[in-house]
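The values are calculated or read from the model by the stated rules, or taken from the named source; none is laboratory data. Just so it is clear, the model here is predicted, and its values are computed rather than measured. Methodologically, a virtual Cβ is constructed for each residue, glycine included, from the backbone with ideal geometry; neighbour enumeration extends over all protein chains shown.
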């Protein structure tokens, strides 16, 4: 379970960090650092297996029939990216400990950071493509939270929305591409997909899959034309920018392209789509970066450019180009993370990131200046630094694939190299020249451990640049071998390859960049320019905002045309669709199927005539007498239960009866919240004349819709499908689920995962209702105040039973109330215990027990019940969900899929052999959730109604006091 711990430990730690107090910043730091260190220890311990070419796999079945299962897979490429995520993550955690202000909500920061780390590790280690998409979207969600961490700032909210919209939309495209890929191959297993390259490339759907997957990868890695979101993500705290844009989020796109290279590469479509987007991106990003005045903005566009460089290498698709791409991914992570941290130190110490205000900082920040210059030189491709090696490999590959004819790619590569030198010089210019004047803060060197991550990364740039074969060679070999497999080429990591054309290109780029920077600075006054020439007219962010505004206006237009806040109009539209859609499906009247009437029972029709009469009468009486309408609605529920009994469905009939009881009480309590009636008889008569026609038409439409549903239901019943799944459950309920009640076995065994989701939703709804009722109070004069309440006779009261009856109390002997609850509790236990073999189960038993408590509330009152019965519905909800979840996890412990049921055969001395299925425990969780949900909603509603009634009574008494005083006088 080592691979599983790599993914899930960060998520668990994220929850722990979120629960820590605000003043626990040191504990949060140690927690996050401990997670990263643990991950590094696990990853390093797996190096022997990785060096032997072993592919580690851990997982369990999810939906094996659909080819879906949770699978973690680690090969050399995944191991290298895991190391990259954890090492940079540990350095960012250390840096953030000193960067974040004490006023910032640090628990939230580390919680989001750890969740993002777990999501990124899930992407890297996923062995199933659908699972990879799930973690892919989790990185979009957690990066949205990190970018918008300072949510009080408008730019942070805008940047977070933009990043999430673009990357999440790309994620949906990726999901579609993965589904197409799985359709072509017949499996979502990554190993099977990577081995089916020839099959994929020869399929007619290859281009479709390639375009969809490319959209997912290019949006995540901020490639043209989706590059505009990355600069706006700079509104995040600098530790977030350093992590997301050096080693994690933006690298997810290029990681995916490298991962799927064996399956998708090797075609002209791959080269033109991936390589074309990369060429545009590397030139646009490098050129715009020169004209940025914000330190992080400059680094953002330089990140875009270097990601374009990596994408071009992947698009070229040759084995050596892939080696250069993976090498530059590692190099870019080291120098870009150090540069972001250096920019954060400058901002932290000076109070500004504006390049026009900064200068001469080498005097105040000599160590930071030295480190930033080394990292900038690595970014520019200066010899003896790591960036020089991978950029020279890039030049060599453009020459190789371009040849004598396609020389434009080599020219583009040299131009990008010149631009990178120019913006690197622009970055380090703040350390030279005339010292800055008035700054928001007087700068000085940061704390020692805040600077340590920058020192380590800058030192890495030097070591890799001087001795690449010794330092980075073994790590790079693992990633290359796992990615290219049998196509792995021979390559030599050396600082000096002699005088050759790539070296000449590097020299031209270096000196050409210096010249370009000098010309732009002195001839075109670089400090005063606010926009990049030419490209400033093409604003991707503005196009995005325009598109979002257009969508908003279109949605508002639809809401104005089709939307309404009135429930009657919404129901009217639904009923119209209920009439129109079946007619469209059935065709013209000559094509209608005549339903057979053989076996039609008049008694059954009579029952439903009664139910229909109740429904129509309830609709008509709702205007005049609400309690009568409620009784009639209950009549329709009873007829429905009788129908289930008629059709041999006792489980459904029993459930319907209990649900009808609970909902009747719910509606009865809800009557207190309805608006007041029209008191004047003349006004009521006028209103009746105005809306009589409307109500009649609505009733006719409702009756027509009901008749359509009746006909459809009857058609389904008299034309059963020839091949159904019912036979499977009937044959396997006892042998596979350990019970003879097929309905209950279906709910707690075969489809227990659905039931788990349903009770979770049920609990969420109950909590939402509880939260809303805590905040909302009905106006005491907005409803009818009941003139009589039902209470039990209290023996401790000084009033006699007759006096209590005269004062509005219904006399019920207290002994009946004491026996009613345990009696109904026994009935609930009876139906619960028999549910696996006879009609019953946890849902029905939960409703019965909830009704037992509700009866106590109705007869004895809330005060008496809560004084004698400890309810705590929240604990019922939590216990039920926990019990159901533990039942599912227990099957994992024995190597079975989630929620797999098992029946134990126990031999007890007195009872004999007893069959105890694990579904019994799951059903107990369902019982607890149903009881907790029902009580939480209905008791909360009852409390609100009683409070409103009490307030109304007090107001009525206050209003009567002046009149009584006046009469006394």
(message) If the requirement is being over 38 Å from the mean Cα position of the chain (by Cα), assigned to a helix (DSSP H, G or I) and within 27 Å of residue 288 (Cα to Cα), which of these qualifies: 375, 412?
(response) 412
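Matching residues to (1) surrounded by 14 or more Cβ atoms within 10 Å (Cβ to Cβ); (2) at negative phi; (3) assigned to a loop (DSSP other than H, G, I, E, B):
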{"position": "456", "(1), (2), (3)": "yes, yes, no"}
{"position": "475", "(1), (2), (3)": "yes, yes, no"}
{"position": "478", "(1), (2), (3)": "yes, yes, no"}
{"position": "486", "(1), (2), (3)": "no, yes, no"}
{"position": "495", "(1), (2), (3)": "yes, yes, yes"}
{"position": "508", "(1), (2), (3)": "yes, yes, no"}
{"position": "511", "(1), (2), (3)": "no, yes, no"}
(request) Determine if the range 68-82 includes at least one residue that is at pLDDT 90 or above, in contact with a helix residue (DSSP H, G or I) (Cβ under 8 Å, 6 or more places away or on another chain) and more than 30 Å from residue 897 (Cα to Cα). (result) yes
(message) Anything in the range 717-732 that is under 23 Å from residue 916 (Cβ atoms) and under 35 Å from the mean Cα position of the chain (by Cα)? List them, or say none.
(response) 729
(message) With the requirement that a residue be farther than 30 Å from residue 492 by Cβ and part of a helix (DSSP H, G or I), what does the range 286-337 give you?
(response) 287, 288, 289, 290, 295, 296, 297, 298, 299, 300, 301, 304
(message) Going residue by residue through the range 28-50, is there one that turns out to be closer than 29 Å to residue 181 by Cα and not assigned by TED's automatic domain parsing to the domain that holds residue 456?
(response) yes
(request) Please state which of the following conditions residue 361 fails to meet, knowing it meets all the rest: (1) outside any helix (DSSP H, G or I); (2) over 30 Å from residue 439 (Cβ atoms). (result) (2)
(message) With assigned to a helix (DSSP H, G or I) and either buried (at least 24 other Cβ atoms within 10 Å of the Cβ) or modelled with pLDDT under 90 (or both) as the only criterion, which of 92, 87 stands out?
(response) 92
(message) Return the residues of the range 643-653 that are crowded, with 17+ Cβ neighbours inside 10 Å and over 37 Å from the mean Cα position of the chain (by Cα); say none if nothing qualifies.
(response) 643, 644, 653
(message) Among the numbered criteria (1) surrounded by 24 or more Cβ atoms within 10 Å (Cβ to Cβ); (2) within 21 Å of residue 371 (Cα to Cα), which one does residue 348 miss?
(response) (1)
(request) Report, by residue number, each residue of the range 741-757 that is surrounded by 14 or more Cβ atoms within 10 Å (Cβ to Cβ) and either outside any helix (DSSP H, G or I) or without any contact (Cβ under 8 Å) to a residue 60 or more places away in the chain (or both). (result) 741, 742, 746, 750, 751
(request) Can you tell me which residue among 441, 362 is touching a residue at least 12 places away in the same chain (Cβ under 8 Å), surrounded by fewer than 18 Cβ atoms within 10 Å (Cβ to Cβ) and on the phi < 0 side of the Ramachandran plot? (result) 441
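Conditions (1) exposed (fewer than 12 other Cβ atoms within 10 Å of the Cβ); (2) modelled with pLDDT under 85; (3) not in a loop (DSSP other than H, G, I, E, B), marked per residue:
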residue: 723; (1), (2), (3): yes, yes, no
residue: 733; (1), (2), (3): no, yes, yes
residue: 739; (1), (2), (3): no, yes, no
residue: 761; (1), (2), (3): yes, no, yes
residue: 768; (1), (2), (3): yes, no, yes
residue: 774; (1), (2), (3): yes, yes, yes
residue: 790; (1), (2), (3): no, yes, no
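Being modelled with pLDDT of 80 or more and in a helix (DSSP H, G or I): is that true of residue 887 here?
yes
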(message) Within the range 568-591, take every residue that is loosely packed, with under 12 Cβ neighbours inside 10 Å and more than 39 Å from the chain's Cα centre (by Cα) and give me the one that is modelled with the highest pLDDT.
(response) 587
(message) If residue 222 meets every condition in (1) surrounded by fewer than 24 Cβ atoms within 10 Å (Cβ to Cβ); (2) outside any helix (DSSP H, G or I) apart from one, which number is that one?
(response) (1)
(request) Show the residue pairs that are 6+ apart or on different chains and have beta-carbon atoms under 8 Å apart, the first residue being within the range 629-657 and modelled with pLDDT of 85 or more, the second being surrounded by 20 or more Cβ atoms within 10 Å (Cβ to Cβ) and not in a helix (DSSP H, G or I). (result) 651/741; 651/840; 651/841; 654/840
(message) I'd like to verify a number: residues in the range 143-201 that are more than 22 Å from residue 119 (Cα to Cα), in contact (Cβ under 8 Å) with a residue 60 or more places away in the chain and part of a helix (DSSP H, G or I), how many?
(response) 9
